[in-house]
Amino acid sequence: MKTDSIFYQIFQTLPTVLFELLGESPSNAIGYKFDSVEVKELAFRFDGIFFPPDDDKLIYFVEVQFQQRDNFYWDLFGEIFLYLKLYRPQQNWYAVAIFPNRSTDTAEPIQYQELFHPGRISRIYLDELEETSADSIGLGMLELIVAQQAQTREKAIKLKEQARVSLTEPIIQEKVLELVDKILVYKFPYLSSQELEAMFGLDELKQTRYFQDVKEEGKIEGKVEGKFEEKLEIIPLLLRLGLSVEAIASELNLDVELVRNVAQKQSTISPSTEITDIDQQED
């Protein structure tokens, strides 16, 4: 799943989610502005930064990591300190690292130990969110991302009903419903739009801007016909030629997770096919 985009949109739509993850009051989100920021010197880009409304509040650097990556903390703190050097903000800072589970997290580099002990960073494991988060639509969407397949349908339907009842602003409600549908599309890349509708009742999916955009790009209708199908068919050949999953995704303009799923499926059919996945920096 292309998680960066989904988390970015969730935080932009419901900025209270970050503070709920940290066990703080959702009211702390008042006045914060969330955005993706590129650090120009080395072209680092944060998944997102919560900019505070006042100088006495913290800047929150947010990174989402869904694949184990040994250099994660090296990159994270490197980006933070480079940002501080370039922009010299008046506010103090705090880092939030979000993982699907503990096994995706990596060891703390001894060179940065001081940043872990005083509480400069919170590490969130989505599969360990407490049941008390059941009333939160924002946390519910994060749980949906990591939910097991058997639980996905029930969680998605509950979330959409909850959004229709509790969200009074039409724009926010529509955005949340669209995000739930988008998560389902990413979680089930091999299902056609008709199959998704049958399984989850995505009646409003066809009307969303997201569906229209990806339809034009061949990312939904292409699952059963057209250019998207042709790209899927050529993946096994490129694997046999020795290209990595990331290289194939880049060349064909596909999500890395989708290419990886095709590669894994192909390996079960043909044991001789080797899946090369040496660079897992892409989420």
> Quick one: how many residues across region 81-99 are surrounded by fewer than 15 Cβ atoms within 10 Å (Cβ to Cβ), of a type outside the set (A, V, I, L, M) and either touching a residue at least 12 places away in the same chain (Cβ under 8 Å) or not in a loop (DSSP other than H, G, I, E, B) (or both)?
Replying inline: 7
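Report whether or not Y73 is more than 22 Å from V180 (Cα to Cα), crowded, with 20+ Cβ neighbours inside 10 Å and in contact with an Asp or Glu (Cβ under 8 Å, 6 or more places away or on another chain). Steps first, please.
Working: more than 22 Å from V180 (Cα to Cα): yes; crowded, with 20+ Cβ neighbours inside 10 Å: yes; in contact with an Asp or Glu (Cβ under 8 Å, 6 or more places away or on another chain): yes.
Criteria met by Y73.
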> Looking at (1) in contact with a Lys or Arg (Cβ under 7 Å, 6 or more places away or on another chain); (2) touching a residue at least 12 places away in the same chain (Cβ under 8 Å), which is the only condition E38 fails?
Replying inline: (2)
>> Which count do you get for residues in region 125-146 that are touching a strand residue (DSSP E or B) at 6+ places or on another chain (Cβ under 8 Å) and surrounded by fewer than 18 Cβ atoms within 10 Å (Cβ to Cβ)?
In response: 1
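Would you pick out the residues in region 110-122 that are surrounded by fewer than 15 Cβ atoms within 10 Å (Cβ to Cβ) and not acidic (D, E)? Outline the logic, then answer.
Initial filter on region 110-122 (surrounded by fewer than 15 Cβ atoms within 10 Å (Cβ to Cβ)): 110-111, 113-114, 116-119.
Matches in region 110-122: I110, Q111, Q113, F116, H117, P118, G119.
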> Can you find a residue in region 171-179 that is closer than 25 Å to D255 by Cβ and either β-branched (V, I, T) or not in a helix (DSSP H, G or I) (or both)?
Replying inline: yes
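Can you find, within region 187-204, the residue that is modelled with the highest pLDDT among those that are under 18 Å from E154 (Cβ atoms) and in a helix (DSSP H, G or I)? Steps first, please.
We begin by selecting, within region 187-204, every residue under 18 Å from E154 (Cβ atoms); these are 187-188, 191, 195-203.
If we keep only those that are in a helix (DSSP H, G or I) too, we end up with 187, 195-200.
Details: K187: 83, E195: 72, L196: 72, E197: 71, A198: 71, M199: 72, F200: 73.
So the residue we want is K187.
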>> I need every pair where a residue in region 68-80 that is assigned by TED's automatic domain parsing to the domain that holds I121 has its Cβ under 7 Å from the Cβ of a residue that is part of a loop (DSSP other than H, G, I, E, B) and acidic (D, E), sequence separation at least 6 or different chains.
In response: Y73/E108
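Output the residues belonging to region 138-170 that are outside any helix (DSSP H, G or I) and at pLDDT 90 or above.
Our first condition is that a residue be outside any helix (DSSP H, G or I); within region 138-170, this holds for 147-148, 167-169.
Across region 138-170, the qualifying residues are A147, L167, T168, E169.
Per-residue answers, yes or no, for (1) within 21 Å of G138 (Cβ to Cβ); (2) within 17 Å of the chain's Cα centre (by Cα); (3) of a type outside the set (S, T, N, Q):
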position	(1), (2), (3)
P26	yes, no, yes
P52	yes, no, yes
D56	no, no, yes
V62	yes, yes, yes
L86	no, no, yes
R102	no, yes, yes
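The values are calculated or read from the model by the stated rules, or taken from the named source; none is laboratory data. Bear in mind that the values here come from a model prediction, so they are computed numbers and not experimental data. In this analysis, Cβ positions are derived from the backbone assuming ideal geometry, glycine residues included, and neighbour counts consider all displayed protein chains.
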